[in-house]
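Below: one structure, written as structure tokens.
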Amino acid sequence: MNAFAERGWDVTVLTAPRETFLSSTGGDVMLERRIHPAVRVERVPVSVPAFSSDMSAWSRARARHPELWAAADWRHDLIRFPERAYGRWRPALESAASRVHANRPVSLAMGTANPHVDFIPGWSLSNAAGVPYVMDYRDSWRLDVFSGRTLHSDRSRVGRWERRLMSGASEIWFVNESIAQWQRERSPLAADRIRVVANGFDEYDAPLRVPVRTGRTGLRFGYIGTVSDAVPIAELLEGWRIARERSGELRAAELVIHGYLGHFGATGAAAEALARAERDGVRFVGPVSKAAIGEVYAGLDALVLALGTGRYVTSGKVYEYAATGIPIVAVHEPSNAATDVLLGSPACCAVRSLAPEEIADALVRTGDMAQTQTAAERTAAQHWAAGYSRSAQLAPRIDALTALATGRGTAQ
């Protein structure tokens with residue numbers, strides 16, 4: 001929304017209360033401070049009991065039978081909108097959108113998933129007042145991007161709601177071409193309005209274009225991102241152990257893991273694996289604010305892009321990694337959509353498979369690149385990635401939507 005505000009748009013954002021994020025998925029307070037001063041933020045109350053981790057606040061029934069309680073509670077969502085945990089937010093979002101429009105007539109609405117109930121304000125304003133709206137999907141609602149499995153059929157409530165929402169949308173955005181094409185094949189009537197708008201990278205106080213680190217006593221590899229169940233963390237750590245056995249350079253190196261353990265604070269096997277790997281020079285340091293991310297990159301010599309398997313998987317982190325110019329070891333299946341992003345990068349070593357031995361080989365090759373990369377080579381890699389900035393991704397869409405909202409054209 002900052003990009004729209006910088007172009008002179010009058011922007012109002014509907015979002016959940018801060019406490020909702022802080023108590024469930026986590027929040028980035030430093031990044032919150034970067035919201036453009038002209039952007040109005042409307043906090044729409046929402047109760048998501050499924051993410052409540054304070055057991056002292058649970059009812060006796062929930063504490064005794066959590067699975068049964070959850071199954072019964074989900075009905076509060078599904079009767080309003082077919083999305084567990086979030087469907088109950090629909091009435092409040094519709095009311096908030098109507099109130100905003102009454103005070104300041106809306107000329108364009110945009111909803112960013114997930115949750116997919118975020119599409120409701122635009123759809124509602126379109127029905128009530130003819131307001132054009134954009135569905136910023138990122139990933140697909142009906143596609144498991146890791147397995148490629150269809151999650152919801154055309155005839156399901158999700159399928160029917162998706163058609164309803166897409167039928168009136170001016171534009172429908174997806175994060176990469178693989179997902180966009182999957183959706184075009186299943187939504188032919190909306191195909192001409194589907195666009196690819198990649199995540200891209202943002203820069204804040206500390207620039208992402210960091211110089212080659214000097215005065216180092218050993219190489220420092222870094223992973224930045226959520227350590228979810230989909231990330232091949234066990235394979236990575238085993239590959240790291242083997243690489244240290246094979247390479248004297250890596251024997252003196254360390255691997256630093258930045259990020260959350262799981263999307264909702266879950267730890268489990270990943271935490272145990274990271275704890276065991278400490279003897280192999282692995283450190284887990286927790287999350288870092290995006291606003292200060294440039295400072296973290298400045299202290300690294302190589303980056304580890306570990307992603308879940310799936311031809312539809314890109315990850316927003318790949319663009320930020322590329323922007324730094326730091327050598328990247330791509331620890332994901334070659335079929336991942338991230339491979340298309342890094343194709344042609346002068347600073348990337350990709351694994352041939354997720355076998356630990358193959359990962360070890362790629363880590364050694366990346367270590368060699370990090371050891372010898374010159375300032376000119378770093379600059380060349382940064383220049384190659386410049387087109388992936390978020391502003392470069394958004395500029396043509398904002399141009400088209402400005403024309404649409406002002407009646408000077410249709411979205412192209």
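Where residues in region 212-236 are more than 15 Å from the chain's Cα centre (by Cα) and among the small types (Gly, Ala, Ser), which of them is farthest from residue 308 (Cα to Cα)? Checked region 212-236; the qualifying residue farthest from residue 308 (Cα to Cα) is 215. Out of all the residues in region 331-350, which are free of Cβ contacts under 8 Å to residues at least 40 places away in the same chain and in contact with a helix residue (DSSP H, G or I) (Cβ under 6 Å, 6 or more places away or on another chain)? Listed by number, the residues that qualify are 338, 346, 347, 348, 349.
Please work out if residue 85 is part of a loop (DSSP other than H, G, I, E, B), under 27 Å from residue 164 (Cα atoms) and modelled with pLDDT of 80 or more.
Working: part of a loop (DSSP other than H, G, I, E, B): yes; under 27 Å from residue 164 (Cα atoms): yes; modelled with pLDDT of 80 or more: yes.
The answer is yes for residue 85.
Here residue 15 does not qualify as modelled with pLDDT under 80, touching a helix residue (DSSP H, G or I) at 6+ places or on another chain (Cβ under 9 Å) and under 25 Å from residue 172 (Cβ atoms).
Would it be correct to say that residue 256 is at pLDDT below 95, among the hydrophobic types (A, V, I, L, M, F, W, C) and in the same structural domain as residue 291 (by TED's automatic domain parsing)? Outline the logic, then answer.
On the way: at pLDDT below 95: no; among the hydrophobic types (A, V, I, L, M, F, W, C): yes; in the same structural domain as residue 291 (by TED's automatic domain parsing): yes.
No: the conditions fail for residue 256.
Of the numbered criteria (1) over 30 Å from residue 154 (Cα atoms); (2) more than 23 Å from the chain's Cα centre (by Cα); (3) buried (at least 17 other Cβ atoms within 10 Å of the Cβ), the one residue 88 fails is (1). Restricted to strands (runs of 3 or more DSSP E) entirely inside region 106-216, those with at least 1 residues that are modelled with pLDDT of 95 or more and hydroxyl-bearing (Ser, Thr, Tyr) are 109-112, 133-138.
Among the residues of region 57-80, count how many are of a type in the set (Phe, Trp, Tyr) and either outside the structural domain of residue 160 (by TED's automatic domain parsing) or in a helix (DSSP H, G or I) (or both). Please lay out each step first, then the result.
At the first step, the residues of region 57-80 found to be of a type in the set (Phe, Trp, Tyr) are 58, 69, 74.
Now drop any that are not either outside the structural domain of residue 160 (by TED's automatic domain parsing) or in a helix (DSSP H, G or I) (or both), which leaves 69.
Residues that pass the stated criteria total 1.
In region 239-259, the residues that are over 21 Å from residue 275 (Cβ atoms) form Cβ pairs under 6 Å with partners that are modelled with pLDDT under 95 and part of a loop (DSSP other than H, G, I, E, B), at six or more places apart or across chains, as follows: 252/218.
Annotation note: of 160, 142, the sole residue that is assigned by TED's automatic domain parsing to the domain that holds residue 99, within 23 Å of residue 197 (Cα to Cα), surrounded by 14 or more Cβ atoms within 10 Å (Cβ to Cβ) and basic (Lys, Arg) is 142.
Conditions (1) outside any loop (DSSP other than H, G, I, E, B); (2) crowded, with 18+ Cβ neighbours inside 10 Å, marked per residue:
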site: 330; (1), (2): yes, yes
site: 334; (1), (2): no, no
site: 341; (1), (2): yes, yes
site: 346; (1), (2): no, no
site: 349; (1), (2): yes, yes
site: 364; (1), (2): yes, yes
site: 368; (1), (2): yes, no
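The values are calculated or read from the model by the stated rules, or taken from the named source; none is laboratory data. These figures come from a predicted structure and were not determined experimentally. Here Cβ is always computed from backbone atoms with ideal geometry, including for glycine, and neighbour counts include all displayed protein chains.
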